[in-house]
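Beneath this line is the structure, given in structure tokens, with notes to follow.
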Amino acid sequence: MGTTVSGMTSVTMFDTKKYDREHIGASLVDAGFEVKFREFRLNPETVETVTEGTDVVCVFVNDKVTREVIEALAAKGVKMIALRCAGFNGVDLQAAKEHGLLVARVPAYSPYAVAEHAVTLAMALNRHIPQANRRVRDMNFTLDGLVGFDMHGKTVGLIGTGKIGKIAGQIFKGFGMRVVMWDPYPDHAWAEEHGLEYVALSILGRAADIVSLHVPLFPETEHIINELVIKELKPGVIIINVSRGALIDTVALIEALKSGHVGGVGLDVYEEEEGKFFEDLSGEVMTDDVLARLLTFPNVIVTAHQAFLTREALDEIARVTTENIAAFGRGESPEESRIVSV
Ligand code: NAD
């Protein structure tokens, strides 16, 4: 980028994986920042690894930027918390304000990546792709048990039609599906333009062969898919959740999978994913019985919060994070929509 940054050159990046270092880290280095990579998360135990002279800490969704951490950062002279994600619930904003730390974020990266992953999960479940792939690798080329259905002519129900839900709706429409949607703030003009329809939540539940969740997690949306709602869904329904784990009561979902009422589930998020998703626990005992049970169903596909993970999304995160830090380094403000707290 060639940005000149005076007096604001040292960035410590926490919770970095290989893809973070290759995309976001490289972008920061190209912009002239001195970057230190930490593979572990920022929290009260690890804040001591921030060295004097660090100007910016760059963090992700699971870093714990508590008051204690912010006090320690401020004492070391850190001036900015650059989130390389949209969510900021891991940062104590009040403490950041009190200590004069700017908090900036990347409000959106690629809604296409997330919507396309939702459709991928639905298709993979419908056509039994995990089972088919396993079979042929065992040189078993039989087809019994792999019968799917045409997406064409079926009904998909979208709960939430923001940036991601809208794109999912347009993709499903492209299959020749009927798309029914519910959102507390419907965009009727967009729906009319694309031939999609808003309906009451109860009608969506009864009509949909596939239900896909695209609302954020709020107190009103927590367990929006619960035991009572599941009972009203069409028998054999496929449920897709790439939004937030707690939108679904997972215990109720497991009961419905056991009874056969729910025909398939595709999850990129899980209520208790923290400490599990993004980690390699292959050598450890799984202590989460609910997740362990979920993973026993042949008609459940779980991915570990990877819906966002495309090259385009990482490039966008890199671009915006670098711009945010560079702007602050020049003594300017990042764009309004990217500022969480000043
Ligand atoms: P958005 O803000 O563009 O859209 C959210 C929609 O939810 C809006 O249409 C809004 O009207 C609706 N909504 C608002 N309040 C509501 C309420 N109380 N009840 C029901 N609906 C309500 O968000 P988006 O960019 O489309 O993202 C949707 C969700 O996707 C995010 O909140 C996030 O949880 C998730 N997400 C997941 C990943 C991933 O990698 N799995 C990545 C990015 C986002």
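Of note:
- Candidates G266, G53, G169, ranked by Gaussian network fluctuation over the chain, Cα under 10 Å, top entry: G53
- Modelled FRET efficiency - R0 45 Å, D138 with L201, Cβ distances, 0.05 increments: 0.55
- Distance between modelled label sites at E332 and E39, nm, 7 Å Cα→Cβ extension: 3.8 nm
- Scalar couplings 3J(HN,Hα) for the range 80-97, obtained by applying the Karplus form with A = 6.51, B = -1.76, C = 1.60 to θ = phi - 60°, are 8, 10, 9, 7, 9, 8, 8, x, 10, 6, x, 10, 7, 5, 4, 5, 4, 4 Hz; x denotes Gly and Pro.
- Given charges at beta-carbon only (K, R positive; D, E negative), |dipole| of the chain in Debye: 740 debye
- Model label points for Y185 and R21, set 7 angstrom from Cα along the Cα-to-Cβ axis, are 4.0 nm apart.
- Using the Cβ-Cβ distance between H261 and F149 with R0 set to 22 Å, the FRET efficiency works out to roughly 0.80.
- Cα gyration tensor shape for the range 224-342, rounded if a/c is under 1.5, else prolate or oblate: prolate
- Gaussian network model of the chain, Cα within-10 Å springs - most flexible of G25, G283, G264: G283
- Taking the chain and dividing mean pair separation by its residue count, relative contact order in percent (alpha carbons under 8 Å, at least six apart): 19 percent
- Ignoring the sites themselves, the chain has its longest run without GluC sites (Glu not before Pro) in a DSSP loop having at most 13 other Cβ atoms within 10 Å at 53-219.
- Its relative contact order, with pairs defined as Cα atoms under 8 Å and 6+ residues apart, puts the range 241-328 at 33 percent.
- Antiparallel DSSP beta bridges within the chain, percent to nearest 5: 5 percent
No value in this document is a laboratory result; all are computed from the given coordinates. As the structure is a computational prediction, the values presented were derived from the model and not from experiment. In this analysis, Cβ positions are derived from the backbone assuming ideal geometry, glycine residues included, and neighbour counts consider all displayed protein chains.
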